[in-house]
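Asks: The following block contains the structure, expressed as C-alpha cells.
What follows draws every value from the coordinates through simple rules; no lab data is involved. Worth saying up front: this structure is predicted, and the values here are computed from it rather than measured. We place every Cβ from the backbone using ideal geometry, glycine too, and count neighbours over all the protein chains shown.
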Amino acid sequence: MGYKYELHVHTSEVSRCAECSAAGQVEVYRSLGYTGICITDHFFGGSNNIPPDIPWEEKIRRLVSGYEHAVQAAGADLDVFLGWEYTLGGGSDFLILGLDTDWLLRYPDQLKWKPAEYFTKVREDGGFVIHAHPFRRYPYPWIDTIKLMPWHIDGVEGYNASNEDDENDMALQYAAHYHLPIYGGSDNHEGWVNRYAGIEADRRYENITDLLRTAASHPEWIFCRSETCPSEMKEI
C-alpha cells in the first residue's frame with residue numbers, strides 16, 4: 001500500500017460552502033489511511049466567510065484557522081499542509097500550495113496583483129500553482145466562461161473527484177496539449193464523499209512541493225476512486 005495524499009480539502013471554519021470541520025476532515029482521512037492532506041480553503045474573492053473590512057493580519061489569521069485546527073486534530077498521525085484556493089473570477093480556481101502564513105502576511109497588497117503577477121510571485125517564492133477543475137460546469141450562475149492560464153501554472157487537476165468524468169477528460173486533454181503534469185484532488189467539502197482523488201506516492205514526503213515535483217513525472221501515482229466508508233465514520 002502506498003502513501004496517499006489529498007490536495008484539495010475545505011473546512012467549515014473558513015469556506016462558506018463547506019459542511020465539514022477541520023477536525024472532521026482529519027478523522028475521515030485518518031480512517032482512510034492517508035499520509036497527508038492539504039487544506040485549501042477559499043481565498044479572498046472566493047466562497048469564504050471572512051469579513052472584507054477587517055485588518056489584513058486578522059484576515060490571514062481567519063484564513064489559516066481551518067489549517068491550524070486540522071494540524072491540532074491530526075497530531076502525529078496525519079501530515080497537514082497549508083494551501084488556499086485562489087479565484088480568478090467566473091469560476092476559475094487555482095490551488096496555491098507550498099507557501100506559509102508568513103508569505104501571506106508579507107504581502108498585504110496581493111489582492112491588487114493581476115492573476116499572472118500573482119502566480120509568478122507564488123512560483124518565484126517556491127510555491128506551486130495547480131488549475132483546479134478547469135472545465136467544471138456546475139449550474140452556478142457565475143460560471144459563464146472557461147479561463148485557462150497554461151503558461152502561468154505548474155499543473156492541472158486532471159482528476160477532480162467531485163467533477164463529472166467528461167469534465168475530467170477535458171482537463172486531461174488540456175494538460176496533455178500543454179505538456180503540464182496532472183494531479184488529483186477530491187475538492188472535499190463534506191468529509192465523507194463517494195469518491196476521492198489524490199496522489200499515492202512511494203514514500204512519505206514532509207515537504208508538499210517535493211511531493212508535487214516528484215509526482216509530476218509519475219502520472220501512475222494519480223488516482224480517482226471510490227473508498228469504503230468505515231462504519232464509525234458514517235456520521236461525519
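Asks: Within 10 Å of each residue's Cβ, count the other Cβ atoms and sort F135, F223, F128 from fewest upward.
Replies: Fewest-to-most Cβ neighbours within 10 Å comes out as F223, F135, F128.
Asks: How would you rank D79, D169, D144, D53, going from fewest to most other Cβ atoms within 10 Å of each one's own Cβ? List each step's numbers first, then the result.
Replies: Working: D79 20, D169 13, D144 8, D53 5.
Ascending number of Cβ neighbours within 10 Å: D53, D144, D169, D79.
Asks: Explain nothing, just the number: dipole magnitude of the stretch 3-233 about its Cα centre with +1 on each Lys and Arg Cβ and -1 on each Asp and Glu Cβ, in debye rounded to the nearest 20. Before the final figure, lay out each step's value.
Replies: Details: 19 positive and 36 negative charges, 79 e Å.
So the magnitude is around 380 debye.
Asks: From the mean inverse distance of alpha carbon pairs (Kirkwood) and the Cα radius of gyration, derive Rg over Rh for the stretch 16-77.
Replies: Using only Cα positions, Rg/Rh for the stretch 16-77 is 1.02.
Asks: By count of other Cβ within 10 Å, fewest leading, how are R16, R136 ordered?
Replies: R16, R136
Asks: When only C-alpha pairs under 8 Å and at least 6 residues apart count, what is the relative contact order of the chain, in percent?
Replies: 22 percent
Asks: From the residues G45, H10, P181, which one has its Cα farthest along the dipole of the stretch 3-233 in the positive direction, the dipole being from +1 and -1 charges on Cβ of Lys/Arg and Asp/Glu about the Cα centre?
Replies: Positive-end residue among those listed: G45.
Asks: Test of understanding: in a Gaussian network model of the chain with alpha carbons linked when under 10 Å, which of G45, G127, G75 would top the mean-square fluctuation ranking?
Replies: Comparing G45, G127, G75 in a Gaussian network model of the chain, the most mobile one is G75.
Asks: For the chain, what number of Lys pairs, 8 or more residues apart or on separate chains, have alpha-carbon atoms under 25 Å from each other?
Replies: Taking the chain as the scope, the lysine pair count is 8.
Asks: What whole number of Å gives the distance from the Cα centroid of the stretch 176-216 to the Cα centroid of the stretch 85-117?
Replies: The two parts, judged by their Cα centres, are 20 Å apart.
Asks: Once phi is turned into θ = phi - 60°, what whole-Hz ³J(HN,Hα) does the Karplus curve with 6.51, -1.76 and 1.60 give for every residue of the stretch 37-43, x standing for Gly and Pro?
Replies: 9, 10, 8, 10, 5, 5, 7
Asks: Also, quick follow-up: Just going by the charge dipole of the chain, with Lys and Arg at +1 and Asp and Glu at -1 on Cβ, which of S92, I208, T35 is farthest out on the positive end?
Replies: S92
Asks: Tell me whether the stretch 1-104 comes out rounded, prolate or oblate; compute the Cα gyration tensor, take square roots of the eigenvalues as a ≥ b ≥ c, and use a/c under 1.5 as the rounded threshold. List each step's numbers first, then the result.
Replies: Working: a/c = 1.86, a/b = 1.64, b/c = 1.13.
Prolate is the answer for the stretch 1-104, as a/c is 1.5 or above and a/b outweighs b/c.
Asks: Could you pull the Cα extents of the chain along its three principal axes, largest to smallest, in whole Å?
Replies: 46, 40, 35
Asks: What list of ³J(HN,Hα) couplings, whole Hz, do you get for the stretch 201-216 from phi and the Karplus terms 6.51, -1.76, 1.60, once you set θ to phi - 60° and write x for glycine and proline?
Replies: Taking θ as phi minus 60°, the curve returns 8, 8, 6, 7, 10, 7, 10, 5, 5, 4, 4, 5, 5, 5, 5, 4 Hz for the stretch 201-216.
Asks: Modelled label-to-label distance, K147 and Q173, 7 Å Cα→beta-carbon offset: nm?
Replies: Each label point lies 7 Å from its Cα, and together they span 2.3 nm.
Asks: Still on this structure, please answer the following. Report for the chain the percent antiparallel among DSSP-assigned beta bridges with both residues inside it, nearest 5.
Replies: In the chain, DSSP labels about 55 percent of beta bridges as antiparallel.
Asks: Then there's this: Find, among the GluC sites (Glu not before Pro) in the stretch 143-205, those assigned to loop by DSSP (not H, G, I, E, B) with at most 14 other beta-carbon atoms within 10 angstrom.
Replies: The qualifying sites are E164.
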